[in-house]
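Participant: One structure is given below, represented as C-alpha coordinates, and several questions about it will come after.
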Amino acid sequence: MNEKEEASMIDSEVVTEVEDVALVERRRAQIVAAATKLFSKKGFYRTTIKEIAKQAGISPGLVYLYVREKEDILLLVLLQVVEGYVKEIPKAIEGIEDPMLRLMKTVDAYCRVVDRLSAATVLAYRSTKSLSVNRRQIIQNRELETNAIVADVIDGCMEAGLIRPLNVDVLIYQLVLIAHGWALKSWYLRSRVSLDDYIAASLENLLTGVLSDKGNGTFEATLQRLKNNTDTGG
(Lines give C-alpha, C1' and ligand atoms only; values in the text may rest on other atoms or scores of the structure.)
Protein backbone atom coordinates (compact mmCIF):
# COMPACT_ATOMS: atom_id res chain seq x y z
CA MET A 1 0.00 0.00 0.00
CA ASN A 2 1.44 3.38 -1.02
CA GLU A 3 1.24 6.62 0.97
CA LYS A 4 -1.72 7.97 -1.02
CA GLU A 5 -3.72 4.79 -0.50
CA GLU A 6 -2.82 4.80 3.20
CA ALA A 7 -3.93 8.42 3.59
CA SER A 8 -7.20 7.61 1.85
CA MET A 9 -7.79 4.70 4.23
CA ILE A 10 -7.12 6.92 7.25
CA ASP A 11 -9.47 9.61 5.94
CA SER A 12 -12.21 7.03 5.51
CA GLU A 13 -11.59 5.72 9.02
CA VAL A 14 -11.49 9.05 10.87
CA VAL A 15 -14.35 11.18 9.57
CA THR A 16 -14.61 14.94 10.19
CA GLU A 17 -17.42 17.38 9.53
CA VAL A 18 -14.94 20.21 8.92
CA GLU A 19 -13.71 20.89 5.38
CA ASP A 20 -10.78 23.20 6.23
CA VAL A 21 -7.79 20.82 6.09
CA ALA A 22 -5.45 23.12 8.01
CA LEU A 23 -8.03 23.60 10.77
CA VAL A 24 -8.63 19.86 10.98
CA GLU A 25 -4.89 19.22 11.42
CA ARG A 26 -4.60 21.94 14.07
CA ARG A 27 -7.61 20.80 16.10
CA ARG A 28 -6.68 17.14 15.86
CA ALA A 29 -3.19 17.99 17.09
CA GLN A 30 -4.77 19.61 20.16
CA ILE A 31 -7.00 16.61 20.74
CA VAL A 32 -4.16 14.12 20.24
CA ALA A 33 -1.87 15.98 22.66
CA ALA A 34 -4.57 16.04 25.33
CA ALA A 35 -5.54 12.41 24.76
CA THR A 36 -1.92 11.23 24.93
CA LYS A 37 -1.56 12.73 28.41
CA LEU A 38 -4.83 11.26 29.65
CA PHE A 39 -4.47 7.83 28.04
CA SER A 40 -0.98 7.61 29.57
CA LYS A 41 -2.25 8.55 33.01
CA LYS A 42 -5.65 6.86 33.17
CA GLY A 43 -5.66 4.35 30.32
CA PHE A 44 -7.74 4.33 27.16
CA TYR A 45 -10.92 2.82 28.58
CA ARG A 46 -11.10 5.00 31.68
CA THR A 47 -10.64 8.27 29.79
CA THR A 48 -13.74 10.06 28.49
CA ILE A 49 -14.25 12.41 25.56
CA LYS A 50 -15.35 15.04 28.07
CA GLU A 51 -12.01 14.78 29.88
CA ILE A 52 -10.08 14.96 26.62
CA ALA A 53 -12.01 18.07 25.61
CA LYS A 54 -11.31 19.73 28.96
CA GLN A 55 -7.60 18.91 28.73
CA ALA A 56 -7.52 20.30 25.18
CA GLY A 57 -9.36 23.48 26.21
CA ILE A 58 -12.31 22.92 23.90
CA SER A 59 -15.91 21.70 24.27
CA PRO A 60 -16.93 18.03 23.90
CA GLY A 61 -19.20 19.05 21.05
CA LEU A 62 -16.25 20.52 19.19
CA VAL A 63 -14.30 17.29 19.58
CA TYR A 64 -17.06 15.44 17.76
CA LEU A 65 -16.65 17.71 14.74
CA TYR A 66 -13.19 16.22 14.19
CA VAL A 67 -13.67 12.60 15.28
CA ARG A 68 -16.63 10.28 15.63
CA GLU A 69 -15.56 8.33 18.69
CA LYS A 70 -12.78 7.78 21.22
CA GLU A 71 -11.19 5.01 19.15
CA ASP A 72 -10.64 7.56 16.36
CA ILE A 73 -8.52 9.54 18.78
CA LEU A 74 -6.47 6.51 19.81
CA LEU A 75 -5.80 5.75 16.14
CA LEU A 76 -4.57 9.32 15.60
CA VAL A 77 -2.36 9.14 18.70
CA LEU A 78 -0.67 5.96 17.50
CA LEU A 79 -0.40 7.13 13.90
CA GLN A 80 1.68 10.14 14.94
CA VAL A 81 4.35 7.70 16.16
CA VAL A 82 4.57 5.38 13.15
CA GLU A 83 4.22 8.26 10.70
CA GLY A 84 7.05 10.01 12.54
CA TYR A 85 9.35 7.11 11.65
CA VAL A 86 8.26 7.04 8.00
CA LYS A 87 8.83 10.79 7.61
CA GLU A 88 11.89 11.47 9.76
CA ILE A 89 14.17 8.52 8.97
CA PRO A 90 14.34 9.23 5.21
CA LYS A 91 15.06 12.89 5.96
CA ALA A 92 17.95 11.90 8.22
CA ILE A 93 19.67 9.77 5.56
CA GLU A 94 18.81 11.84 2.50
CA GLY A 95 21.91 12.45 0.38
CA ILE A 96 24.12 10.13 2.46
CA GLU A 97 25.80 7.44 0.36
CA ASP A 98 28.18 5.95 2.96
CA PRO A 99 26.41 2.68 4.01
CA MET A 100 27.72 2.71 7.59
CA LEU A 101 26.79 6.34 8.15
CA ARG A 102 23.32 5.68 6.70
CA LEU A 103 22.82 2.87 9.21
CA MET A 104 24.02 4.94 12.15
CA LYS A 105 21.87 7.91 11.12
CA THR A 106 18.87 5.62 10.73
CA VAL A 107 19.17 4.36 14.30
CA ASP A 108 19.80 7.91 15.52
CA ALA A 109 16.68 9.24 13.78
CA TYR A 110 14.56 6.34 15.03
CA CYS A 111 15.61 7.01 18.63
CA ARG A 112 14.98 10.74 18.31
CA VAL A 113 11.41 10.22 17.08
CA VAL A 114 10.84 7.95 20.07
CA ASP A 115 12.33 10.58 22.38
CA ARG A 116 10.00 13.27 20.97
CA LEU A 117 6.95 11.00 21.16
CA SER A 118 7.86 8.99 24.23
CA ALA A 119 4.40 8.85 25.84
CA ALA A 120 2.71 7.89 22.59
CA THR A 121 5.35 5.21 21.96
CA VAL A 122 4.55 3.58 25.30
CA LEU A 123 0.83 3.85 24.48
CA ALA A 124 1.44 1.96 21.26
CA TYR A 125 2.56 -1.02 23.35
CA ARG A 126 -0.29 -0.69 25.82
CA SER A 127 -3.23 0.20 23.64
CA THR A 128 -2.86 -0.97 20.03
CA LYS A 129 -4.89 -4.02 21.04
CA SER A 130 -7.79 -1.66 21.84
CA LEU A 131 -8.14 -0.76 18.17
CA SER A 132 -10.43 -2.69 15.82
CA VAL A 133 -8.74 -5.20 13.50
CA ASN A 134 -8.73 -2.97 10.42
CA ARG A 135 -7.26 -0.09 12.40
CA ARG A 136 -4.52 -2.26 13.86
CA GLN A 137 -3.72 -3.14 10.26
CA ILE A 138 -3.25 0.55 9.42
CA ILE A 139 -0.68 0.86 12.23
CA GLN A 140 1.04 -2.37 11.16
CA ASN A 141 1.20 -1.23 7.52
CA ARG A 142 2.96 1.98 8.54
CA GLU A 143 5.36 -0.02 10.70
CA LEU A 144 6.15 -2.24 7.73
CA GLU A 145 6.97 0.86 5.68
CA THR A 146 9.54 1.81 8.31
CA ASN A 147 10.89 -1.74 8.32
CA ALA A 148 11.41 -1.51 4.56
CA ILE A 149 13.47 1.66 4.99
CA VAL A 150 15.63 0.04 7.67
CA ALA A 151 15.97 -3.17 5.62
CA ASP A 152 17.24 -1.19 2.65
CA VAL A 153 19.88 0.46 4.84
CA ILE A 154 20.97 -2.90 6.30
CA ASP A 155 21.10 -4.45 2.82
CA GLY A 156 23.40 -1.61 1.75
CA CYS A 157 25.79 -2.48 4.56
CA MET A 158 25.70 -6.15 3.61
CA GLU A 159 26.41 -5.40 -0.04
CA ALA A 160 29.39 -3.29 1.06
CA GLY A 161 30.68 -6.20 3.16
CA LEU A 162 30.19 -4.29 6.41
CA ILE A 163 27.61 -6.62 7.94
CA ARG A 164 28.00 -10.38 7.73
CA PRO A 165 25.10 -12.42 6.26
CA LEU A 166 22.29 -12.73 8.83
CA ASN A 167 18.52 -12.64 9.30
CA VAL A 168 17.58 -9.08 8.36
CA ASP A 169 14.10 -9.28 9.94
CA VAL A 170 15.61 -10.15 13.32
CA LEU A 171 18.16 -7.33 13.09
CA ILE A 172 15.43 -4.83 12.13
CA TYR A 173 13.47 -5.57 15.28
CA GLN A 174 16.57 -5.53 17.43
CA LEU A 175 17.10 -1.98 16.19
CA VAL A 176 13.42 -1.17 16.75
CA LEU A 177 13.56 -2.45 20.32
CA ILE A 178 16.66 -0.37 21.00
CA ALA A 179 14.79 2.75 19.92
CA HIS A 180 11.62 1.85 21.80
CA GLY A 181 13.64 0.95 24.88
CA TRP A 182 14.45 4.63 25.38
CA ALA A 183 10.73 5.26 25.99
CA LEU A 184 9.79 1.99 27.65
CA LYS A 185 12.56 2.25 30.26
CA SER A 186 12.80 6.02 30.44
CA TRP A 187 12.18 5.96 34.20
CA TYR A 188 15.62 4.36 34.56
CA LEU A 189 17.59 5.52 31.54
CA ARG A 190 16.89 9.26 31.51
CA SER A 191 18.34 9.74 35.00
CA ARG A 192 21.55 7.93 34.09
CA VAL A 193 22.44 8.63 30.47
CA SER A 194 21.80 11.26 27.79
CA LEU A 195 20.00 10.36 24.58
CA ASP A 196 23.21 10.88 22.60
CA ASP A 197 25.13 8.51 24.87
CA TYR A 198 22.28 5.97 24.78
CA ILE A 199 22.33 5.94 20.98
CA ALA A 200 26.13 5.64 20.83
CA ALA A 201 26.25 2.82 23.38
CA SER A 202 23.37 0.96 21.74
CA LEU A 203 25.01 1.15 18.32
CA GLU A 204 28.28 -0.15 19.71
CA ASN A 205 26.65 -2.95 21.70
CA LEU A 206 24.54 -4.19 18.81
CA LEU A 207 26.70 -3.58 15.77
CA THR A 208 29.92 -5.05 17.11
CA GLY A 209 28.04 -8.36 17.20
CA VAL A 210 26.93 -8.26 13.57
CA LEU A 211 29.66 -6.39 11.72
CA SER A 212 32.32 -8.08 9.63
CA ASP A 213 35.99 -7.34 10.29
CA LYS A 214 35.79 -4.69 7.60
CA GLY A 215 32.58 -3.34 9.15
CA ASN A 216 34.14 -3.04 12.61
CA GLY A 217 36.97 -0.94 11.21
CA THR A 218 34.55 1.24 9.26
CA PHE A 219 32.29 1.65 12.31
CA GLU A 220 35.18 2.86 14.47
CA ALA A 221 36.35 5.26 11.77
CA THR A 222 32.83 6.64 11.30
CA LEU A 223 32.39 7.12 15.03
CA GLN A 224 35.64 9.04 15.18
CA ARG A 225 34.66 11.18 12.20
CA LEU A 226 31.32 12.05 13.78
CA LYS A 227 33.04 12.85 17.08
CA ASN A 228 35.52 15.13 15.35
CA ASN A 229 32.69 16.96 13.56
CA THR A 230 30.91 17.43 16.89
CA ASP A 231 34.04 18.69 18.64
CA THR A 232 34.71 21.24 15.89
CA GLY A 233 31.08 22.30 15.61
CA GLY A 234 30.71 20.73 12.17
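The values are calculated or read from the model by the stated rules, or taken from the named source; none is laboratory data. Quick caveat: nothing in here was measured; it's all calculated off a predicted structure. Virtual Cβ from ideal backbone geometry, glycine too; neighbours counted across all protein chains shown.
Participant: Could you run through region 172-185 and say how many residues are surrounded by fewer than 18 Cβ atoms within 10 Å (Cβ to Cβ) and assigned to a helix (DSSP H, G or I)?
Facilitator: Residues flagged as surrounded by fewer than 18 Cβ atoms within 10 Å (Cβ to Cβ) and assigned to a helix (DSSP H, G or I) within region 172-185 amount to 5.
Participant: Report yes if some residue within region 178-190 is under 22 Å from residue 155 (Cβ atoms) and modelled with pLDDT of 85 or more; otherwise report no.
Facilitator: yes
Participant: Among 116, 112, which is the only one that is free of Cβ contacts under 8 Å to residues at least 60 places away in the same chain and surrounded by fewer than 21 Cβ atoms within 10 Å (Cβ to Cβ)?
Facilitator: 116
Let's see how each residue does on (1) touching a Lys or Arg at 6+ places or on another chain (Cβ under 8 Å); (2) outside the structural domain of residue 178 (by TED's automatic domain parsing); (3) not polar (S, T, N, Q):
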{"site": "32", "(1), (2), (3)": "no, yes, yes"}
{"site": "44", "(1), (2), (3)": "yes, yes, yes"}
{"site": "56", "(1), (2), (3)": "no, yes, yes"}
{"site": "60", "(1), (2), (3)": "yes, yes, yes"}
{"site": "76", "(1), (2), (3)": "yes, no, yes"}
{"site": "106", "(1), (2), (3)": "no, no, no"}
{"site": "111", "(1), (2), (3)": "no, no, yes"}
{"site": "119", "(1), (2), (3)": "yes, no, yes"}
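Participant: Against the conditions (1) under 13 Å from the mean Cα position of the chain (by Cα); (2) surrounded by 16 or more Cβ atoms within 10 Å (Cβ to Cβ); (3) not hydrophobic (A, V, I, L, M, F, W, C), where does residue 125 fall short? Just the number, please.
Facilitator: Going through the list (1) under 13 Å from the mean Cα position of the chain (by Cα); (2) surrounded by 16 or more Cβ atoms within 10 Å (Cβ to Cβ); (3) not hydrophobic (A, V, I, L, M, F, W, C), residue 125 breaks only (2).
Participant: Still on this model: For region 206-224, state whether one or more residues are among the polar types (S, T, N, Q), outside any loop (DSSP other than H, G, I, E, B) and either within 19 Å of the chain's Cα centre (by Cα) or not assigned by TED's automatic domain parsing to the domain that holds residue 112 (or both).
Facilitator: No: region 206-224 contains no residue that is among the polar types (S, T, N, Q), outside any loop (DSSP other than H, G, I, E, B) and either within 19 Å of the chain's Cα centre (by Cα) or not assigned by TED's automatic domain parsing to the domain that holds residue 112 (or both).
Participant: For residues that are out of contact with any Leu (no Cβ under 8 Å at 6 or more places or on another chain) and touching a residue at least 24 places away in the same chain (Cβ under 8 Å), tally how many sit in region 142-170.
Facilitator: 9
Participant: I would also like to ask the following. Please state which of the following conditions residue 201 fails to meet, knowing it meets all the rest: (1) among the small types (Gly, Ala, Ser); (2) closer than 20 Å to residue 96 by Cβ; (3) part of a helix (DSSP H, G or I).
Facilitator: Only one criterion in (1) among the small types (Gly, Ala, Ser); (2) closer than 20 Å to residue 96 by Cβ; (3) part of a helix (DSSP H, G or I) is unmet by residue 201, namely (2).
Participant: What tally of residues in region 34-53 results from selecting those that are under 23 Å from residue 137 (Cα atoms) and crowded, with 17+ Cβ neighbours inside 10 Å?
Facilitator: Final tally of qualifying residues: 5.
Let's see how each residue does on (1) at pLDDT below 95; (2) acidic (Asp, Glu); (3) part of a helix (DSSP H, G or I):
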{"site": "102", "(1), (2), (3)": "no, no, yes"}
{"site": "107", "(1), (2), (3)": "no, no, yes"}
{"site": "122", "(1), (2), (3)": "no, no, yes"}
{"site": "152", "(1), (2), (3)": "no, yes, yes"}
{"site": "156", "(1), (2), (3)": "no, no, yes"}
{"site": "166", "(1), (2), (3)": "yes, no, no"}
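Participant: Looking at the structure I just gave you, is residue 139 over 27 Å from residue 100 (Cα atoms), in contact with a Leu (Cβ under 7 Å, 6 or more places away or on another chain) and in contact (Cβ under 8 Å) with a residue 40 or more places away in the chain?
Facilitator: yes
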